[in-house]
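Following: one structure in structure tokens, then a few remarks.
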Protein chains: 2
Amino acid sequence: MTSSLIQRFVFAVIVISCSLHATAQPPRGPFVISPQVHADKKVTFRYLAPSAKEVKLGGSQFGAAQVAMTKDSIGIWSITVGPIKPDIYPYSFVVDGVTVMDPANVSFFPNERFKASLVDIPGETPLIHSIKNVPHGTVKYEYYPSVEGSTGSVVVYTPPGYDQSAGKTYPVFYLISGTTDTEETFFKVGNSNFILDNLIAEGKATPMIVVMPYGNPMARIAEQKKQPKPADIVGRDSEDAITRAKLFETDLVNNVIPYIEKNYRTINNRNSRAIGGFSRGGGQTLRTAFSNTDKFSWICCYSAYLSPQEMDSRYKKLVDNPTQTNKDFKLLWVSVGNEDFLYKSTVEFIDYLKAKNINHKSLITGGGHTWMNVKDYVAQTVPLLFK
Amino acid sequence: MTSSLIQRFVFAVIVISCSLHATAQPPRGPFVISPQVHADKKVTFRYLAPSAKEVKLGGSQFGAAQVAMTKDSIGIWSITVGPIKPDIYPYSFVVDGVTVMDPANVSFFPNERFKASLVDIPGETPLIHSIKNVPHGTVKYEYYPSVEGSTGSVVVYTPPGYDQSAGKTYPVFYLISGTTDTEETFFKVGNSNFILDNLIAEGKATPMIVVMPYGNPMARIAEQKKQPKPADIVGRDSEDAITRAKLFETDLVNNVIPYIEKNYRTINNRNSRAIGGFSRGGGQTLRTAFSNTDKFSWICCYSAYLSPQEMDSRYKKLVDNPTQTNKDFKLLWVSVGNEDFLYKSTVEFIDYLKAKNINHKSLITGGGHTWMNVKDYVAQTVPLLFK
């Protein structure tokens, strides 16, 4: 590339920024590196905003809810925090009160409501969610005929060697993310593919297919019909909420599972199907598994619960017959962090299972309702499945 | 779901927003719908920011570079624009001078530098990039051994029926996006998968595999080694730029192509390999194809060019022997919009090819250096490949 060509490309980028986006984004003069993770686990965050009055770092791991950043002479705001415990954390910048992603960072949190970037602080030895030099599986975006004529999308992990192992069949783990998450969140934030790659490479997990559906098919129907999306977090009455939960279950059982079993080399029986989920996805997991005892033997509930009232009323048959229930379910896992706002309700659910003599494995950890905890729970449960 | 459970979930979402992200994001009270595309092709954009002084809509298709929005009594800023010509457009909000994505919209533009959301205005009949009720291919995220011990990632489209057609082999189109784009941009912004699905369903395109590599392996190496990323858009001297272009080519030819041909059912000869790209990816396309005449027969250059100086010096053999060159390349496509800042240079390149008697197909359209144009160019060139 000649020097004049380089200058044209530089010019190009500036012009693209102006013409394509036509925003008040500052000119691209100084090249901002953010986040910069140092060897001592400290992290420097930077944000270019010469005319901003105040820029803060927002995130739960950086000392305070929001930490003030300072501006240098060319208008780059920065702060160095830490050392931070190795993990992957969401963060944002709060620029004159407006929450924004880090424009210099391509790692982001797929979500329908908030926008956050992700910072990955590596461990001294690679963590279980890190990309390591081991055989890698593939993550596939599939499109399938979903409820009410809509086209659904689902993300599917196939283990290393899947495409080379003609004839071999695999068990399937259906893994559902939370409210306002998308079908991408377990991949992009949960690093589910790298967790599976690493556990399989260590001989700890049975090679399996992981299917990550979208938890809110009602919103997708509205989107494809170009209707206003129904509010998924406020203003719901209970009938609407039950319809919605049922719609997810219908889509999973009638559309997703048949699509997967038609298009992938799956083992098609209840002992080779697991279901798990986080938050709303944990509730969907319990409801779907308890309503479809012919479909799943392995249940993983992360940071979620069902109320004793719902258990008594909707799953009476299961509750009243623990011998059969304990035969049916090879694993009923419930885990939650002791700082999770669902902690008390989840402990109440665990106590309920205990009182009703329903076999389960429970785990109380530190931490809150976070993807840091979810990754840990996935890494702890995947080795238990299909064994 | 009981009413009290709903309230807990509502509470949950608010608490997640506060605890996980700990930002100044406004409380989730009013449910914001944005963007809302109306039947008459007008679009309403909304952004909740009760304490902002000024919110504007940024984008190139909405009348002006930035359009002022107005605030209602509960703090939702909104504007209705249009009617807008059906297409997919990037846009942002400019909140007190800070450019942000639309937090209510999950469709975004993967990019290393800027953050933009995407609005899809449907046509009276579905456009070529729209999801239609036709058989769908699959989009796969693959991880492969890349340059300098790094792990590369590449996005791969396989056509409908690929997984059911054991034994059948396919030609491959290598498709490279632009500066600061990622390996996801041709999928997420370019809708390359739906364009292929639709062209194949209409019988216009040969079923093919499309491989979308990342254009900047030097940045990936730095990231994986936890080194500061090298500046990819400014401050490059020409030696650095050539090293960088060469590194991409090395990665593509030595790592990506062998990985794809090992793991997919490909037809492995130059007549069954095409290469194309946009902007920087268009330059990489021309350089890689001209330096590896044994590898590719089909070349698609979108909104990019090489200078006569570079052609004369680096590709003298090709230029001096047009008979052989015209035999080698079954397609050399160059297209550009007449508002593109690369328009004049690209026309100069087309004139150069003409003067040197090198066969090519050129297309001058309206529009600028945009993904609206790129999608059109992909849709126009894919039917020409492998025929």
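Taken over segment A:353-384, the criterion of being more than 19 Å from the chain's Cα centre (by Cα) and open to solvent by less than 20 Å² (accessible area, probe 1.4 Å) is satisfied by A:L353, A:I358.
Restricting to segment B:282-306, and then to whatever is part of a loop (DSSP other than H, G, I, E, B) and open to solvent by 10 Å² or more (accessible area, probe 1.4 Å), can you tell me which residue is nearest to B:L247 (Cα to Cα)? Ranking the qualifying residues of segment B:282-306, first place goes to B:N292. A:F186 versus (1) in a helix (DSSP H, G or I); (2) within 8 Å of another protein chain (Cβ to nearest Cβ): which is the lone unmet condition? For A:F186, the exception is condition (2). Scan segment A:142-160 for residues that are in a strand (DSSP E or B) and open to solvent by 10 Å² or more (accessible area, probe 1.4 Å) and the total you get is 4.
In segment A:93-139, of all residues being within 8 Å of chain B (Cβ to nearest Cβ), part of a strand (DSSP E or B) and not hydrophobic (A, V, I, L, M, F, W, C), the one that is farthest from A:V55 (Cα to Cα) corresponds to A:T138. Evaluated against (1) at pLDDT 95 or above; (2) in contact with a His (Cβ under 7 Å, 6 or more places away or on another chain), A:S279 falls short on exactly one condition, (1). Of all residue pairs spaced 6 or more apart or on separate chains, those with beta-carbon atoms under 7 Å, a first member in segment A:42-71 that is touching a residue at least 12 places away in the same chain (Cβ under 8 Å) and a second member that is assigned to a loop (DSSP other than H, G, I, E, B) and open to solvent by 70 Å² or more (accessible area, probe 1.4 Å) are A:K42/A:P83. Taking segment B:161-188 as the range and being touching a residue at least 60 places away in the same chain (Cβ under 8 Å), at positive phi and open to solvent by 10 Å² or more (accessible area, probe 1.4 Å) as the test, only B:G167 passes. The single condition among (1) over 17 Å from B:M372 (Cα atoms); (2) within 19 Å of the chain's Cα centre (by Cα); (3) not assigned by TED's automatic domain parsing to the domain that holds B:C300 that B:K132 does not meet is (2). When residues in segment B:310-331 are screened for being more than 12 Å from every other protein chain (Cβ to nearest Cβ) and assigned to a helix (DSSP H, G or I), 12 of them pass. The listed residues are B:V347, B:V334, and the only one of them that is buried (at least 16 other Cβ atoms within 10 Å of the Cβ) and part of a helix (DSSP H, G or I) turns out to be B:V347.
Tallying residues that are within 12 Å of chain B (Cβ to nearest Cβ) and outside any strand (DSSP E or B) within segment A:54-74 yields 8.
Considering segment A:350-374, the residues that are in a helix (DSSP H, G or I) and closer than 28 Å to A:F187 by Cβ include one that is nearest to the other protein chains (Cβ to nearest Cβ), namely A:W371.
The residues on offer are B:V67, B:V55, and the sole one that is crowded, with 20+ Cβ neighbours inside 10 Å, of a type in the set (A, V, I, L, M) and not assigned by TED's automatic domain parsing to the domain that holds B:G366 is B:V55. Residues in segment B:330-351 that are touching a residue at least 24 places away in the same chain (Cβ under 8 Å) and more than 23 Å from B:T179 (Cβ to Cβ): B:K330, B:L331.
Taken as a whole, the structure leaves B:V139 outside the set of residues that are at pLDDT below 95, out of contact with any Gly (no Cβ under 7 Å at 6 or more places or on another chain), open to solvent by less than 10 Å² (accessible area, probe 1.4 Å) and within 27 Å of A:E112 (Cβ to Cβ). Step by step: first the residues of segment B:189-212, then only those that are touching a residue at least 60 places away in the same chain (Cβ under 8 Å) and within 10 Å of another protein chain (Cβ to nearest Cβ), then the one that is most open to solvent (accessible area, probe 1.4 Å). Which residue is that? If we take residues in segment B:189-212 being touching a residue at least 60 places away in the same chain (Cβ under 8 Å) and within 10 Å of another protein chain (Cβ to nearest Cβ), then B:F194 is most open to solvent (accessible area, probe 1.4 Å). Among the residues making up segment A:112-132, those that are in contact with a helix residue (DSSP H, G or I) (Cβ under 7 Å, 6 or more places away or on another chain) and of a type outside the set (G, A, S) are A:F114, A:I128, A:H129, A:I131, A:K132.
The values are calculated or read from the model by the stated rules, or taken from the named source; none is laboratory data. Quantities reported herein were computed from a predicted structural model and do not represent experimental measurements. Reconstructed Cβ throughout: ideal geometry from the backbone, glycine too, with neighbour counts over all protein chains shown. In case anyone asks, the SASA skips ligands and DNA or RNA and just uses the protein heavy atoms, side chains included. Shrake-Rupley method; radii C 1.70, N 1.55, O 1.52, S 1.80 Å.
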